[in-house]
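The values are calculated or read from the model by the stated rules, or taken from the named source; none is laboratory data. Being a predicted model, the structure only gives us computed values, none of them experimental. Neighbour counts are summed over all protein chains in view; Cβ atoms, including those assigned to glycine, are modelled from backbone coordinates with ideal geometry.
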Amino acid sequence: MTDRDGTALARAMAAEASQGAKALRLGDNVPNVEALTCDWLTDVVCRNIPSAEVMGFSVAAVSEGTHDRHRITLQYNPAGVAASLPATLFTKTLPTYKKRTMSGIVALRESYFYNTIRPLVEIEAPRCYASTVSPETYATIHAMEDLVVTKGARFADYRFLVSREMAEDMVGLLASLHARFLADGQRVPHERSIPSFALQFNAFGKMANLAKYTEVGLLDAGSRVPDRLLRAVDRIWPATLQSLDLHRGATRTIIHSDVHIGNWYQTGSGTMGLTDWQMMGIGHWARDLSYTLATALLPEDRRKWEKDLVALYADRLSERSGTAVSFAEAWQAYRHQMLPALAMWTITLRHDEALPDMQPEDMSLAMIERIAAAMDDLETLALFDA
């Protein structure tokens, strides 16, 4: 942990707390939901309706993990009511030192997505009314549309049954995102703000001691993991590091990077959408394809559908990007990228006390079980045999 992330951040947060400042205008720091005011909310949601104002609001906690999530219910003056402004907002904040040391840097990345990348892609993803992050203290707020209210969204987890049609929609979303930035030069303007996937994976690996907890998490998952993988547990982390080489090649684009089933939702009309863009990076598109299909589908459905889905992805990526991607290339890369997907859940199941609990244990175990089954079925480790 750098001094900027440690002592300096603690001092900056102490100064922030001593000031006790409220957020009054869009762009002001918002260290927590207690800093919100009617003035700030008016500037955020009423700025295109000059006579509209937020007259009051209430805050309800929704969930807590890497961020604190809240629903803000708004009360408007008559002009705001007449304009049919949003009745609620959904917010993500980083109120504590522990959460800012873990998620402050990635909050900057998610803000870049909402402010810069989101307008460039035609995909189902949340609209964001305000996204600000202080580079000094990592005081963060993402104030987004409340998808439950605006689109009747259902958010997924491992109990969410993904049909073949839904899986095809998910693959199509990924192909649209990746194709937009795959052509030569399309990602270049964003490379100063979006890190490479390999770089961020290595940095997180050192900070969280992924080498240790990949093995610990697999062993603790026990019967959820195929015996063949448990017997080869000492090979998995070295192969994971080798798998990063794919992200250093020429076929790179902007990827979501954290596309496990818990970050997907389905709108009331049936469209699949993707949220939580804090791990966005520049890397090989197979990262998203492998991670999505391994975690979203029951193993028996993945086995039946995965070749068709990978072929569909390759076709749509080729069509939308103008860059030809064969099924054989896509299939090989799909098998290859199961390894870094697994590492995201062994560390979620077991980690040291410096990290907060990020997911319920049943979710972590289900994700390890699905990804490990995919690795075993696809003989992923064989790709890295000498």
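Within the range 172-194, track down each residue that is in contact with a Lys or Arg (Cβ under 7 Å, 6 or more places away or on another chain) and of a type in the set (A, V, I, L, M). Result: 175, 179, 194.
On the stretch given as the range 83-102, residues that are within 23 Å of residue 148 (Cβ to Cβ), crowded, with 16+ Cβ neighbours inside 10 Å and not hydrophobic (A, V, I, L, M, F, W, C) total 6. Only one of the numbered conditions (1) closer than 29 Å to residue 357 by Cα; (2) out of contact with any Leu (no Cβ under 9 Å at 6 or more places or on another chain); (3) touching a residue at least 12 places away in the same chain (Cβ under 8 Å) is not met by residue 28, and that is (1).
Taking the criterion of being over 28 Å from residue 98 (Cα atoms) and among the small types (Gly, Ala, Ser), would at least one residue in the range 128-151 satisfy it? No, the range 128-151 contains no residue that is over 28 Å from residue 98 (Cα atoms) and among the small types (Gly, Ala, Ser). Please work out which one of (1) more than 19 Å from residue 280 (Cβ to Cβ); (2) assigned to a helix (DSSP H, G or I); (3) not assigned by TED's automatic domain parsing to the domain that holds residue 367 is the condition residue 167 fails and give its number. All conditions pass for residue 167, except number (3). Taking the listed residues 14, 8, 83, the one that is touching a residue at least 12 places away in the same chain (Cβ under 8 Å) and among the aliphatic types (A, V, I, L, M) is 83, with no other qualifying.
Remark: residue 305 falls outside the filter, which requires a residue to be under 21 Å from residue 367 (Cβ atoms), outside any helix (DSSP H, G or I) and not polar (S, T, N, Q).
Residues that are more than 22 Å from residue 263 (Cβ to Cβ) and not aliphatic (A, V, I, L, M) within the range 321-371 comprise 321, 322, 323, 326, 327, 329, 331, 332, 335, 352, 353, listed in sequence order. Restricting attention to the range 112-145, the residues that are part of a loop (DSSP other than H, G, I, E, B) and within 17 Å of the chain's Cα centre (by Cα) total 6.
In the range 198-213, the residue that is surrounded by the most Cβ atoms within 10 Å (Cβ to Cβ) out of those that are part of a helix (DSSP H, G or I) and over 19 Å from the mean Cα position of the chain (by Cα) is 213.
The residue of the range 50-82 that is surrounded by the most Cβ atoms within 10 Å (Cβ to Cβ), among those that are aliphatic (A, V, I, L, M) and at pLDDT below 95, is 62. Being surrounded by fewer than 17 Cβ atoms within 10 Å (Cβ to Cβ), assigned by TED's automatic domain parsing to the domain that holds residue 44 and under 15 Å from residue 267 (Cα atoms) is a property that residue 118 lacks. The set of residues from the range 138-153 being among the β-branched types (Val, Ile, Thr) and buried (at least 22 other Cβ atoms within 10 Å of the Cβ) comprises 140, 141. Residues in the range 29-49 that are surrounded by fewer than 20 Cβ atoms within 10 Å (Cβ to Cβ) and more than 28 Å from the chain's Cα centre (by Cα): 37, 38, 39, 47, 48, 49. Of the residues screened, residue 175 is one that is touching a Leu at 6+ places or on another chain (Cβ under 7 Å), at pLDDT 95 or above and in the same structural domain as residue 270 (by TED's automatic domain parsing). For the range 238-295, residues that are touching a His at 6+ places or on another chain (Cβ under 8 Å), within 19 Å of residue 188 (Cβ to Cβ) and either part of a helix (DSSP H, G or I) or among the β-branched types (Val, Ile, Thr) (or both) total 6.
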